[in-house]
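Below you'll find the structure, written out as structure tokens, and then a few comments.
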Amino acid sequence: MTSNTISEDDLYRTTSQYRLWSFSPEALASRRRGTHELALQRAWQHAPTSDGASDGAARGSSVDCLTVGEELRLVQRYCNQIRTTSDHFQWPVQVKATAVQYLRRFYLSNSCLTYPPKDIYKTVLFLACKTEATHMTLSEYARRISTDPDAVLAPEYKVMQALRFTLDVRQPYRGLKGVLMELLNMANGMVGEVIDAETRGAKELQASLLDLAKPSSDAKTPWKAPATGSVDVKHLTDRINAAYSAARTILDGPALLTDAYFLYTPSQILLAALQLADEPLSSFYLTTKLPISSDVRPKILATISTCADLLFSFSDAVIISKEERARLEEKLELCRDPSTRDLVQAHAAAMRGSDEDDEAKARKRKAAREKSRQEGEDLFGPRLNGVGAGGG
Amino acid sequence: MLKSPALDVPPEPPAKRRKTSPEPESDDNTPAPIINSTVKDLAAQLDEAERKKYVKGRKLGSGQYADVFSAHLLSDPKQVFAIKKIKIGPEVKEFGISYDSLREIRFLQELNHPNIIKLHAVFSTKSQNLNLVLEYLPQGDLLRLIQDTKGTTYTPADIKAWMLMLMRAVHFCHVNGILHRDIKPNNLLIAADGSIKLADFGLARAMADPFQPMTYNTITIWYRPPELFFQAQHYGDAVDVWSCGAVFAELIGREVLFRAWPETEINMVRLICEKVGTPTEDNWPGVSKLRGYVTPSEIIPLRPKEQWSASFRAIGEVGVDLLMKTLTLDPRQRLTAEGVLRHPFWTSEPRPSKLRDLPRRGGGKETMGEDLTQRGGELPTANGEGGKKRGDKVAKKLDFGIMTK
């Protein structure tokens, strides 16, 4: 703590998103495998044992269970459902992004076999609405999604537990907005220097922006260079705005529907989105931040590129259809864990339990113990010294 | 060299996780062997492991909102904590887990700073109660210290030390994009070493994006800045700085600076006009366009520096200058937390007191119990006898006000 300043990197490393929810692709895959296998064990345990077989694994293998891949596709489908529901309510984008990550995080330690996503997604969306300071009462929410309010609340603690009680989701939206503002300022000749990185003057920066290569034909930006004549500041402004909204579309779709948040930081994600939107523009932006001579430059660029590949590989066609969803959910029914079938009732029972304070319970237990000891003494005389009753 | 946030972060798996959160078994995750009858899912296993680390001790306090217990580590009884067990209130039917609890958990999980109360862990119990394992702060709070005019004396150097710790905590919240929105002396708890810790994040929120409205009905009324009385829906870190200014003045004068009685908003505005000056277009461009802008008809000019100095002479000229700049009416002209930290006050004489020299008898461990069981936005109960509530009339549920109507 005696060192002079903390960098933004240091700050990011203290976040729960980094501490608990960042993975290598391999670690992520094995985590999901582990969760899936655990869920299979659970489901088999509860399967009827009329044949007296206790070897769950043998029995389970005969049932056609949802695979890890199928679970993932089902979860992805419900991530998409969260997006459309949140957009329908016109909630701020943070609610949507947070809710989607809650659902994805939930299914790292839980399987669809135990908690089908159609039960969970409404809960995480309501929870995200609360943590992102958007107000809607439960009754209104439940009414608008035509669900029983109790069904929304029932898995809430389960969700909190699966989230390891960390609720903050770091997002790339504000960072992207910052890039937009910086680029617009540069385009208008208002920024000349960036501490430690960029030393060209404002005019020179503006000139190199005007001279920038055109976006390639597969770029996501709709902007096209003027057919005739050179690019002026007006064109440039349009180009920057178009790149921003194309990148923003990527953040709203592919970034939420892939593992991007588990594998990359918010700034890596937004720079990757910008790269897909308008590569020359994003490279230019990076040169103003990262001198060509910087040692870490190749590493950072490589990371952004792999993130861009991930986002690029996604298309809406990957999301399973309604029919496919129905098919998977039917299949799920055959191998699902029966013990978590009635969440509403389980929740109600737990809530009743909570009325009774732990302490009160302890007092009761003690009283009962005391009473039975007394009675015991009455019957058999006082306890012999050193021979413990061992009760409790 | 410019550090980019994109540096040295994943794809590597995080090297360091929080000490108090056990790692998931191992990364290849061979499923746990079946023990007894039920296999718990991974999340439940982790939750249970966390819970079993602590031994709950005696109850330190009980309030409408939470119970607080002392606790220690099973593996090392010398390490003590306070466990705040959140009660399930009547609003659970309409909201589920309350906004206050969610905010507190969300923000404390992210904030790791020597002057902010540390959240070591959270676990749930079978009956679905949330338990927050917090840093144990046995020396009470700053309010008790301020109010104990007979038993406790402190110096301007002590005030400087406390304010510096407070401002560092607030600055840290702000650079993390978090507004605390309930800074007041009884949310400043005193640690065993005499340092102070900002607590109670039940009203905190992330800074909003431009144009996204926020509630103005927040911050305990005596510490609430004028822009919120005028119903500004877009505001920023300046709201916390005003509260800090009010705490600063209270530390010096040993009485609440804006102690409106009865505690109505109109009385508060009147008091602010009397003590600072009437907010007008001249000293605060745009103020008259705020929806709730109402001031007493008699315009009171901004209070000149000499008058501030007369009331707060003890803190010195530089200190008075800082105080005025934190209690500036126009939030845009008010100092930011960083601006406060850059003020010459901290480096001028006297030097802030060393931790070991600070008075630290702000009540005992029961005070922590009491502080942690309160709901945000409430005024504390009186220190005196008779248990008369200091803020009964305003103990309203602040943030729900708007939407439950």
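The values are calculated or read from the model by the stated rules, or taken from the named source; none is laboratory data. These figures come from a predicted structure and were not determined experimentally. All Cβ positions, glycine included, derive from the backbone under ideal geometry; neighbour counts span all protein chains shown. Just the protein is used for accessible areas: all its heavy atoms, side chains included, with ligands, DNA and RNA removed. Shrake-Rupley method; radii C 1.70, N 1.55, O 1.52, S 1.80 Å.
Only one of these is open to solvent by 20 Å² or more (accessible area, probe 1.4 Å), within 18 Å of residue B:206 (Cα to Cα) and either in a helix (DSSP H, G or I) or facing chain B (nearest Cβ under 10 Å) (or both): A:101, A:94. Name it.
Values: A:101 fails: open to solvent by 20 Å² or more (accessible area, probe 1.4 Å).
Every option except A:94 fails the conditions.
Sort out which residues of the range B:52-66 are under 15 Å from residue B:85 (Cβ atoms) and away from every other protein chain (no Cβ under 11 Å), and write them in order of number.
B:54, B:55, B:57, B:60, B:61, B:63, B:64, B:65, B:66
Only one of these conditions is not met by residue B:249: (1) open to solvent by 30 Å² or more (accessible area, probe 1.4 Å); (2) in a helix (DSSP H, G or I). Which number is it?
(1)
So which residues in the range B:93-115 are without any contact (Cβ under 8 Å) to a residue 24 or more places away in the chain, more than 7 Å from every other protein chain (Cβ to nearest Cβ) and assigned to a loop (DSSP other than H, G, I, E, B), if there are any at all?
B:98
Quick check, is residue B:169 in a helix (DSSP H, G or I) and under 15 Å from the mean Cα position of the chain (by Cα)?
Criteria met by residue B:169.
Which pairs have Cβ atoms under 8 Å, sit 6 or more apart or on different chains, and link a residue in the range B:190-218 that is within 14 Å of chain A (Cβ to nearest Cβ) to one that is in a strand (DSSP E or B) and open to solvent by 10 Å² or more (accessible area, probe 1.4 Å)?
What qualifies is B:214/B:205.
Answer yes or no: is there a residue in the range B:121-130 that is of a type in the set (D, E, K, R) and modelled with pLDDT under 95.
yes
Only residues that are within 10 Å of chain B (Cβ to nearest Cβ), farther than 21 Å from residue A:161 by Cα and over 23 Å from the mean Cα position of the chain (by Cα): list them for the range A:115-149, please.
If the condition is that a residue be within 10 Å of chain B (Cβ to nearest Cβ), farther than 21 Å from residue A:161 by Cα and over 23 Å from the mean Cα position of the chain (by Cα), then A:137, A:139, A:140 are the ones that fit.
Which of the helices (runs of 4 or more DSSP H) contained wholly in the range A:251-347 include at least 3 residues that are closer than 30 Å to residue A:235 by Cβ? Give the steps one after another, and end with the answer.
Numbers: elements: A:254-257, A:260-263, A:266-277, A:279-289, A:297-313, A:322-335.
Result: A:266-277, A:279-289, A:297-313.
Regarding residue A:249, is this residue in contact with a Lys or Arg (Cβ under 9 Å, 6 or more places away or on another chain) and buried (at least 21 other Cβ atoms within 10 Å of the Cβ)? Talk me through it step by step, then tell me what you get.
Numbers: in contact with a Lys or Arg (Cβ under 9 Å, 6 or more places away or on another chain): yes; buried (at least 21 other Cβ atoms within 10 Å of the Cβ): no.
Against the criterion (in contact with a Lys or Arg (Cβ under 9 Å, 6 or more places away or on another chain) and buried (at least 21 other Cβ atoms within 10 Å of the Cβ)), residue A:249 does not qualify.
From B:11, B:24, B:77, grab the single residue that is modelled with pLDDT of 50 or more and either in a loop (DSSP other than H, G, I, E, B) or open to solvent by less than 30 Å² (accessible area, probe 1.4 Å) (or both).
Of B:11, B:24, B:77, the one residue that is modelled with pLDDT of 50 or more and either in a loop (DSSP other than H, G, I, E, B) or open to solvent by less than 30 Å² (accessible area, probe 1.4 Å) (or both) is B:77.
Name every residue in the range A:161-180 that is out of contact with any Ser or Thr (no Cβ under 7 Å at 6 or more places or on another chain), part of a helix (DSSP H, G or I) and either open to solvent by 30 Å² or more (accessible area, probe 1.4 Å) or not aromatic (Phe, Trp, Tyr) (or both), in order of residue number.
Scanning the range A:161-180 gives A:174, A:176, A:177, A:178, A:179, A:180.
Evaluate the range B:216-224: report whether one residue or more is open to solvent by 10 Å² or more (accessible area, probe 1.4 Å) and either under 17 Å from residue B:291 (Cβ atoms) or in contact with a Gly (Cβ under 6 Å, 6 or more places away or on another chain) (or both).
For the range B:216-224, residues open to solvent by 10 Å² or more (accessible area, probe 1.4 Å) and either under 17 Å from residue B:291 (Cβ atoms) or in contact with a Gly (Cβ under 6 Å, 6 or more places away or on another chain) (or both): present.
Going through the range B:175-214 one residue at a time, which ones are surrounded by fewer than 22 Cβ atoms within 10 Å (Cβ to Cβ) and either at positive phi or in contact with an Asp or Glu (Cβ under 6 Å, 6 or more places away or on another chain) (or both)?
Within the range B:175-214, B:177, B:194, B:211 qualify.
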